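The values are calculated or read from the model by the stated rules, or taken from the named source; none is laboratory data. Being a predicted model, the structure only gives us computed values, none of them experimental. No Cβ is skipped: glycine too gets one built from the backbone with ideal geometry, and neighbour counts run over all protein chains shown.
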Amino acid sequence: MAASSTPNTKPALFQDLPFAEAAARTEHDERLLLVDATASWCMPCQMMDRNTWIDVKVVDWLRQHALAIQIDAPAVRDLADCESVRKRLQSSEASIRRGQQLSARCP
């Protein structure tokens, strides 16, 4: 069974926090920081909102192990460019767990 999500709304999994605050909250604990960069025109993003981010198993696992935020990439100019996101994540301890970088890939 899946939790509900309506079009053009953020799935309930995602906390309404700016990137810097979310990174600070996960800096000293064992939680992962999941940053979902999305856009209203991105059809794969919308599919993830309708299917993946409301799946009960996904939601339960992420709530136990991560702090999840969703950013509207076009609206946040300093994070909209993939290279900018990579640099912000690489410089943030939130993307590192036990000394290993978890993710900062660009397609």
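Here's a check for you: in the range 42-64, which residue that is in contact (Cβ under 8 Å) with a residue 24 or more places away in the chain and outside any helix (DSSP H, G or I) is surrounded by the most Cβ atoms within 10 Å (Cβ to Cβ)?
Applying the filter and picking the extreme gives 53.
Take the range 19-41 and flag every residue that is modelled with pLDDT of 85 or more, assigned to a loop (DSSP other than H, G, I, E, B) and closer than 15 Å to residue 69 by Cα.
31, 39
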